[in-house]
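Chemist: Got a structure for you, questions after.
The values are calculated or read from the model by the stated rules, or taken from the named source; none is laboratory data. Treat the numbers as computed from the prediction; the structure is a model and nothing was measured. Cβ sites come from the backbone with ideal geometry, for glycine too, and all protein chains shown count toward neighbours.
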Amino acid sequence: MTSNTAQQDAAVTDRAVLAQSAYADGRHLAARQSIYRWQQPHYDMPGIVLEELAGTTGTVLDIGCGNGKFTDRLRQDRPDLRVVGVDISAGILAEVEKPVLVADAQSLPFADDSADAVLALHMLYHVGDIEATIKDLARVLRPDGVLLASTNSDTDKHELDQLWRRAAGDVLGIPEGPPRVSLSARFSLEKAADYLGAAFGGVRIRELPGIIELRDPAPLVAHLASYEAWAEQCGVPFQETVHRAREIAVEAISNQGSFKITCLGGILVCRR
């Protein structure tokens with residue numbers, strides 16, 4: 001592991017960065033979520049979660065619930081469930097309907113076998129000890145319960161990675177600049193099944209491939225800019241690189257009619 005990778009891994013798991021900057025409110029998370037409006041096929045992610053929880057009754061814990069995208073939908077469509085949102089950031093939870101709880105996913109304040117379902121959606125790459133956290137998720141889950149986890153592939157949005165490195169190189173005056181911070185790399189779709197399989201006997205993967213096609217650079221720029229909390233780890237002037245990326249994207253859209261981004265994420269359905 002290179003020192004740069006180690007530095008980035010430390011940054012994406014830093015509790016202060018997560019709670020006070022990256023997810024101090026819902027702004028950056030919403031920017032990353034919004035780019036999927038232009039993805040085809042379009043996936044109703046809360047709808048997929050509802051589908052997987054069709055046979056679930058009782059208590060659902062949404063660990064790392066962020067801006068409440070999933071808790072809100074569950075409460076709307078399944079009022080019979082008791083849904084509790086949990087996040088490390090009190091700031092982002094201020095926007096989420098109660099009941100919510102500020103807590104660290106690595107040490108959950110819930111009793112053994114107390115939840116019928118646990119959600120860990122696009123968050124396990126943010127915990128310092130992934131294995132220990134998964135064990136704690138399994139601890140609070142009843143023996144017949146289900147854990148739903150999600151993440152992205154190592155290949156997800158590689159066009160944005162290429163765009164960033166080109167823009168960073170232009171800013172630095174070198175052929176190719178350093179990579180942008182990868183949030184999901186520590187718990188990517190390629191790694192997730194092994195991590196989860198250590199605590200759960202059955203792990204089923206639902207891959208969700210798609211293409212985002214943009215004719216306006218604004219969603220792309222907003223997505224890149226949402227990584228501002230990790231600007232120091234990028235090794236390049238952040239705002240200047242985002243600006244240069246926009247210029248490159250505008251040129252690509254003018255020449256090709258659109259900017260295409262290849263996506264691959266997935267949901268892992270886990271049972272003991």
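Chemist: Can you tell me which residue within region 1-25, out of those that are over 18 Å from D104 (Cα atoms) and either surrounded by 17 or more Cβ atoms within 10 Å (Cβ to Cβ) or not β-branched (V, I, T) (or both), is modelled with the lowest pLDDT?
Modeler: Kept after step one, since they are over 18 Å from D104 (Cα atoms), are these residues of region 1-25: 1-8.
The next check asks that each one be either surrounded by 17 or more Cβ atoms within 10 Å (Cβ to Cβ) or not β-branched (V, I, T) (or both); those that pass are 1, 3-4, 6-8.
Numbers: M1: 37, S3: 51, N4: 67, A6: 84, Q7: 81, Q8: 81.
Checking each candidate, the answer is M1.
Chemist: Check H122 against each of (1) of a type outside the set (A, V, I, L, M); (2) more than 18 Å from the chain's Cα centre (by Cα); (3) crowded, with 16+ Cβ neighbours inside 10 Å and name the one condition it does not meet.
Modeler: Of everything listed in (1) of a type outside the set (A, V, I, L, M); (2) more than 18 Å from the chain's Cα centre (by Cα); (3) crowded, with 16+ Cβ neighbours inside 10 Å, H122 misses just condition (2).
Chemist: While we're on this one: I need the full set of residues from region 230-266 which are under 16 Å from P179 (Cα atoms) and among the β-branched types (V, I, T), in order please.
Modeler: Those that are under 16 Å from P179 (Cα atoms) and among the β-branched types (V, I, T): V236, T241, V242.
Chemist: Something else: Would you be able to say whether some residue in region 200-207 is more than 30 Å from L147 (Cβ to Cβ) and among the charged types (D, E, K, R)? Talk me through it step by step, then tell me what you get.
Modeler: Looking only at region 200-207, we keep the residues that are more than 30 Å from L147 (Cβ to Cβ), and these are none.
No, there is no match, as no residue in region 200-207 is more than 30 Å from L147 (Cβ to Cβ) and among the charged types (D, E, K, R).
Chemist: Determine which single condition A30 fails, assuming it passes every other condition in (1) under 15 Å from the mean Cα position of the chain (by Cα); (2) crowded, with 19+ Cβ neighbours inside 10 Å.
Modeler: The number of the failed condition is (2).
Chemist: Going by the structure shown, is Q39 at negative phi and surrounded by fewer than 14 Cβ atoms within 10 Å (Cβ to Cβ)?
Modeler: Values: at negative phi: yes; surrounded by fewer than 14 Cβ atoms within 10 Å (Cβ to Cβ): no.
No.
Chemist: Could you grab me the full set of residues in region 197-218 that are in a strand (DSSP E or B), basic (K, R) and out of contact with any Cys (no Cβ under 9 Å at 6 or more places or on another chain)? Spell out how you get there, then give the answer.
Modeler: Step one: of region 197-218, the residues in a strand (DSSP E or B) are 202-214.
Applying the additional criterion that residues be basic (K, R) yields 204, 206.
Listed by number, the list holds a single entry, R206.
Chemist: Which number in (1) more than 20 Å from K157 (Cα to Cα); (2) touching a helix residue (DSSP H, G or I) at 6+ places or on another chain (Cβ under 8 Å); (3) modelled with pLDDT of 95 or more; (4) in a helix (DSSP H, G or I) marks the one condition that N255 misses?
Modeler: All conditions are met except number (2).
Quick grid of which residues meet (1) farther than 21 Å from Q8 by Cβ; (2) of a type in the set (S, T, N, Q):
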site: K157; (1), (2): no, no
site: G177; (1), (2): no, no
site: P209; (1), (2): yes, no
site: I212; (1), (2): yes, no
site: L224; (1), (2): no, no
site: W230; (1), (2): no, no
site: A249; (1), (2): yes, no
site: S258; (1), (2): yes, yes
site: I267; (1), (2): yes, no
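Chemist: Of the residues that sit in region 174-196 and are in a helix (DSSP H, G or I) and within 25 Å of F259 (Cβ to Cβ), which one is modelled with the highest pLDDT?
Modeler: Of all residues in region 174-196, those in a helix (DSSP H, G or I) come to 185-187, 189-196.
Then keep just the ones that are within 25 Å of F259 (Cβ to Cβ); that gives 185, 189.
Values: A185: 95, L189: 98.
Only one residue tops the list, namely L189.
Chemist: Are any residues in region 166-189 surrounded by 20 or more Cβ atoms within 10 Å (Cβ to Cβ) and either basic (K, R) or within 18 Å of A252 (Cα to Cα) (or both), and if so, which ones?
Modeler: A167, A168, R180, R186 - these are the residues of region 166-189 that are surrounded by 20 or more Cβ atoms within 10 Å (Cβ to Cβ) and either basic (K, R) or within 18 Å of A252 (Cα to Cα) (or both).
Chemist: How about region 89-173: which strands (runs of 3 or more DSSP E) wholly inside it have at least 2 residues that are without any contact (Cβ under 8 Å) to a residue 24 or more places away in the chain and out of contact with any Cys (no Cβ under 9 Å at 6 or more places or on another chain)?
Modeler: Details: elements: 100-102, 115-121, 141-152.
In region 89-173, the matching strands (runs of 3 or more DSSP E) lie at 100-102.
Chemist: Tell me which of these V221 doesn't satisfy, since it passes every other one: (1) farther than 19 Å from A30 by Cα; (2) outside any strand (DSSP E or B).
Modeler: (1)
Chemist: Could you please find all residues in region 139-154 being buried (at least 20 other Cβ atoms within 10 Å of the Cβ) and of a type outside the set (S, T, N, Q)?
Modeler: Within region 139-154, the subset buried (at least 20 other Cβ atoms within 10 Å of the Cβ) is 140-141, 145-153.
If the condition is that a residue be buried (at least 20 other Cβ atoms within 10 Å of the Cβ) and of a type outside the set (S, T, N, Q), then V140, L141, G145, V146, L147, L148, A149 are the ones that fit.
Chemist: Which condition number does E190 fail, the rest of (1) more than 16 Å from the chain's Cα centre (by Cα); (2) without any contact (Cβ under 8 Å) to a residue 40 or more places away in the chain being met?
Modeler: (1)
Chemist: List every residue pair whose Cβ atoms sit under 6 Å apart, with the two residues 6 or more apart in sequence or on different chains, where the first one lies in region 67-84 and is crowded, with 17+ Cβ neighbours inside 10 Å and among the basic types (K, R) and the second, anywhere, is in a helix (DSSP H, G or I) and at pLDDT 95 or above.
Modeler: From residues that are crowded, with 17+ Cβ neighbours inside 10 Å and among the basic types (K, R), the pairs are R73/P46.
Chemist: While we're here: State the number of residues belonging to region 116-142 that are farther than 21 Å from R206 by Cβ and either small (G, A, S) or modelled with pLDDT under 95 (or both).
Modeler: Residues of region 116-142 farther than 21 Å from R206 by Cβ: 126-129, 131-133, 135-136, 139-140, 142.
When the remaining residues are screened for being either small (G, A, S) or modelled with pLDDT under 95 (or both), the result is 128, 132.
Number of matching residues: 2.
Chemist: Then there is this: Please verify whether P109 is surrounded by fewer than 20 Cβ atoms within 10 Å (Cβ to Cβ) and touching a helix residue (DSSP H, G or I) at 6+ places or on another chain (Cβ under 9 Å), treating the condition exactly as stated. Lay out the reasoning, then the answer.
Modeler: Working: surrounded by fewer than 20 Cβ atoms within 10 Å (Cβ to Cβ): yes; touching a helix residue (DSSP H, G or I) at 6+ places or on another chain (Cβ under 9 Å): no.
Criteria not met by P109.
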